[in-house]
Structure formats: structure tokens, C-alpha cells
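See below for the structure under consideration.
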Amino acid sequence: SSSVKEIRIAISKDGKYAINGNVTDTKDLGQKLESLKNQAIQANQADVNGLRVVIAADAKASHQAVMQVLELASLAGLSQIVFATQDTQVSPKKR
């Protein structure tokens, strides 16, 4: 397992959320983030600083939908947040 845990949150253009590929109701989003954080801490015996939230928002997703994720993540104590661009012009980086 990698040292950096990632929670991937996708936001579709119609404002639906998926956490790590699982579609999640907006009202459950905060609770899911909280429990994923707790799982990661227990699994790693690590601090929450190793946990990164990757937000992949559709280009047509509303600003409000993105802000809601940011707010819920920070409420859950997740401070490391990065944006994954879903721009089709960018070729995926080979690792």
C-alpha cells in the first residue's frame, strides 16, 4: 500500500458525486469523507496529513458543487486537496 492515501471525488456535470468510483448522495458526502478518513487513520496508524483528496470535476460541473466538496472535506479535517483536471486535451502521464 502506498504511503499517501487518496480519496478521489468525481463531480459530474449534473452535480452528482462519486467517491472512489462509488456514486454518493450529496447528503451522505460529508459522512463518507469522515469515515474514509477514520479508516485511513486506523489502517495506517498514520496522521491525517498523509491523506489526500483528489477532486476531479467535470468542466461543466457547477462552481457550487465544487465548493460544497471543498467545504465538506475541510469539515472532515482533510486539508490536502488537489484538483485533477479532466481536460481531454491533456494526454495522461505515463508512470
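The values are calculated or read from the model by the stated rules, or taken from the named source; none is laboratory data. Being a predicted model, the structure only gives us computed values, none of them experimental. Cβ coordinates were reconstructed from backbone atoms using ideal geometry, including for glycine residues, and neighbour counts include every protein chain displayed. Side chains included, ligands, DNA and RNA excluded: accessible areas come from the protein's heavy atoms. Shrake-Rupley method; radii C 1.70, N 1.55, O 1.52, S 1.80 Å.
Residue pairs whose Cβ atoms lie under 6 Å apart, separated by 6 or more positions or on different chains, with the first residue in the stretch 16-45 and closer than 24 Å to Asp58 by Cα and without any contact (Cβ under 8 Å) to a residue 12 or more places away in the chain and the second assigned to a helix (DSSP H, G or I) and among the basic types (Lys, Arg), are Thr24/Lys32. The set of residues in the stretch 51-85 that are closer than 18 Å to Thr26 by Cα, open to solvent by 90 Å² or more (accessible area, probe 1.4 Å) and in a loop (DSSP other than H, G, I, E, B) contains only Lys60.
Apart from one condition, Leu51 fits all of (1) aliphatic (A, V, I, L, M); (2) under 13 Å from the mean Cα position of the chain (by Cα); (3) modelled with pLDDT of 90 or more; the exception is (3).
Residue by residue, here is whether (1) surrounded by 12 or more Cβ atoms within 10 Å (Cβ to Cβ); (2) at negative phi; (3) assigned to a strand (DSSP E or B); (4) out of contact with any Ser or Thr (no Cβ under 6 Å at 6 or more places or on another chain) holds:
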| residue | (1), (2), (3), (4) |
| --- | --- |
| Glu6 | yes, yes, yes, yes |
| Ile9 | yes, yes, yes, yes |
| Lys27 | no, yes, no, yes |
| Gly30 | yes, yes, no, yes |
| Leu33 | yes, yes, no, yes |
| Lys37 | yes, yes, no, yes |
| Asn49 | no, yes, no, yes |
